[in-house]
Amino acid sequence: MFKPPLLAALCVCTLVTAGCSTLGNGPAGSAAKPQVIAHRGASGYLPEHTLAGYELAVRMGSDFIEPDLQLTRDGQLVAMHDDSLQRTTNVASVFAQRGGAYKVADFTLAEIKRLTVQPFGPTAGTAHAGFVPTAAQPLAVPTFQEVIDLARAQSAATGREVGIYPEAKQADPDMEDGILQALQANGYRAGSKLFIQSFSDATLRSLRAKQQAQGLAYPLVQLGYAAVAEDGGVRMRVRGPDGWRLLTLPEVATFSAGVGVSVGNKAYPVTQAFIDQAHAAGMRVHGWTFNKPDAALAAAEFQSYLAMGMDGMFANYPDLAVAARNAWAAQPKP
Ligand code: G3P
Ligand code: CA
């Protein structure tokens, strides 16, 4: 059985609704502890977006687990990156007669629950040494509610609040409503350890407006790329309704608590100026996706971004991210 580390009960958050500022979504660009976000779960080790992968990520010390979200034909939110079931599940075997693109939106939740998520990538398998998942169906496609339930159960089991970081994968008003309803129904509030993310600024602006109308204030994160405009100024490259477009950081800050930027695209490098200006606009900076399996190479990469003031890292190997973050936190600061 995987043994979780002993936990100092500095802040016992047995419910996801409990505020826990030392561990949660604290101020941007401050001395707050950089956060480790398990990208699609511990997806370097176990199938992405599964209860097994999320639980392993928590046991490895992740601060947040990240469910990308899709809507089923019967309107249920499920954790899945692609809008198709084909890459990550055995749908082509179980529903061979259906053929086609195997879109999530064409399948009911009951149908999707017949599938098994399969490992993807060079290092993922169906099991992880020393770890036995507690879920009854650890490699099934989980609903958003099941991810929330896991976060709550793991918060109670570990004595620290496990954050969730859902991503609206479709610019769809029904998806926006479903996310907000699920969070409200589960008692999340403004101070909860939570971010809602999207590449679409229209989706985030809509979420902000809906929240204002409903008296909610869940923090939003604009995904995209750190870009430079023709005038040399820092910009955020986001997905608009008609393609990619550039926004200034002060504009993004009018609706977003943070930005999530690629660390893997050489055309859009994350610079010190970008991080400094995001912080000056009052936003956190989270980077995606840290995916090096080699411990030494990963440590060097994490260190380079932490030294620039990055506030959180989406990582496929969350154990390596936690180790690097803790090493960085232990370093003397000027
Ligand atoms: O949400 C941050 C990062 O996960 C974005 O990339 O494609 O893995 O969802 P993707
Ligand atoms: Ca994502």
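The values are calculated or read from the model by the stated rules, or taken from the named source; none is laboratory data. Here the structure is a predicted model, which is why all the values come from computation and not from measurement. So basically every Cβ, Gly included, is an ideal-geometry build from the backbone, and we count neighbours across all protein chains shown. These accessible areas exclude ligands, DNA and RNA; they are computed on the full protein's heavy atoms, side chains included. Shrake-Rupley method; radii C 1.70, N 1.55, O 1.52, S 1.80 Å.
Per-structure values
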| quantity | calculated |
| --- | --- |
| Residue of Arg208, Arg114, Arg160 that the Gaussian network model of the chain assigns the largest fluctuation, springs spanning Cα pairs under 10 Å | Arg114 |
| Highest-MSF residue in the chain out of Gln222, Gln197, Gln170 [GNM, Cα springs under 10 Å] | Gln170 |
| The chain - percent of accessible surface contributed by carbon and sulfur, probe 1.4 Å | 55 |
| Interchain or long-range residues, amide H under 5 Å from Val228's placed H | Arg235 |
| Inter-probe distance in nm under a simple model that places probes 7 Å from Cα toward Cβ, at Leu216 and Arg98 | 2.8 |
| Range of Cα positions in segment 184-318 per principal axis (Å), largest first | 47, 39, 27 |
| Per residue Cα convex hull volume in Å³ - calculated over segment 31-144 | 110 |
| Accessible area per residue in Å² at 1.4 Å probe, computed on the chain | 41 |
| Gaussian network model of the chain, springs between alpha carbon atoms under 10 Å - residue of Asp74, Asp276, Asp106 with greatest fluctuation | Asp74 |
| log10 of Debye I(q)/I(0), alpha-carbon scatterers only, for segment 128-211 at 0.23, 0.24 Å⁻¹ | -1.20, -1.26 |
| Chain lengthening between Gln184 and Thr254 when straightened (0.36 nm per residue, less Cα-Cα) | 22.9 nm |
| Estimated translational D of segment 80-197 in µm²/s (Stokes, Kirkwood radius over Cα pairs; 20 °C; 1.002 mPa s) | 132 |
| Accessible area of Arg205 in the full protein assembly, 1.4 Å probe (Å², nearest 10) | 80 |
| Cut-off 12 Å between beta-carbons: net charge of the residues surrounding Leu223, Lys and Arg +1, Asp and Glu -1 | -1 |
| Hypothetical label at Asp149: residues of segment 101-119 whose amide nitrogen lies under 17 Å (7 Å Cα-Cβ projection) | 109-115 |
| Beta bridge orientation in the chain: antiparallel %, DSSP, nearest 5 | 35 |
| Cα convex hull of the chain - mean projected area over all directions, nm² | 17.0 |
| In sequence order, calculated HN-Hα J values of segment 89-101 (Karplus, 6.51, -1.76, 1.60; Hz; x Gly/Pro) | 10, 8, 4, 5, 8, 5, 10, 4, 5, 6, x, x, 8 |
| Proximal lysine pairs, the chain, alpha carbons under 22 Å, eight or more residues apart or interchain | 10 |
| Overall form of segment 168-256 per C-alpha gyration tensor (a/c, 1.5; a/b vs b/c) | prolate |
| Cubic angstrom per residue, convex hull over Cα atoms of segment 233-302 | 105 |
